[in-house]
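Single-structure report; data block below.
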Amino acid sequence: QVQLVESGGGLVQAGGSLRLSCTASGSPFSINSMGWYRQAPGKQRELVAAITSGGNTNYAESVKGRFTLSRDNAKNTVYLQMNSLKTEDTAVYYCNAVRVLRPYWGQGTQVTVSS
């Protein structure tokens, strides 16, 4: 089992920045990838960014150049630095980890970007 604890959401004005953190515990060994998804009201959950244990990253087109995902393997933690935030980035952000092909999810953290 893997438990994911998220932090860092909140309210920010458009153009501002936020940093999300997600720490894995329980059985964090053999985690293949970690990352973030988001779900806005009335929309499906979508990938924001993910990083493999080898350090390869994948970003949604809508966040490329604005968001940066990094990983501290020693702390089993990933960080999502979000810059130049837009109102359309408003959503609940969920941390995700994949271990032995099984996905795990955090409880979600709200990010609200005001105009």
For Thr87 and Leu101 in one chain, what is 0.36 nm times their gap in residues minus the Cα-Cα distance, to one decimal in nm? 1.7 nm
Can you tell me, using C-alpha contacts under 8 Å and at least 6 residues apart, the relative contact order of the chain as a whole percent? 36
Choose one of Val98, Trp36, Thr57: the residue whose Cα lies farthest towards the positive end of the charge dipole of the chain (beta-carbon charges +1 Lys, Arg; -1 Asp, Glu; about the Cα centre). Val98
In terms of Cα to Cα distance under 26 Å, which lysines are near enough to Lys43, apart from those fewer than 8 places away along the same chain? Lys64, Lys86
Choose one answer from Leu20, Leu47, Leu11: the residue with the largest mean-square fluctuation in a GNM of the chain with alpha-carbon springs under 10 Å. Leu11
Remind me, what semi-axes does segment 33-93 give for its equivalent ellipsoid, largest first in whole Å, using sqrt of 5 times each Cα gyration tensor eigenvalue? 21, 12, 10
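Bear in mind these aren't lab numbers, they're just calculated from the coordinates by the rules spelled out. Given the structure is predicted, the values throughout are model-derived calculations rather than measurements. Virtual Cβ from ideal backbone geometry, glycine too; neighbours counted across all protein chains shown.
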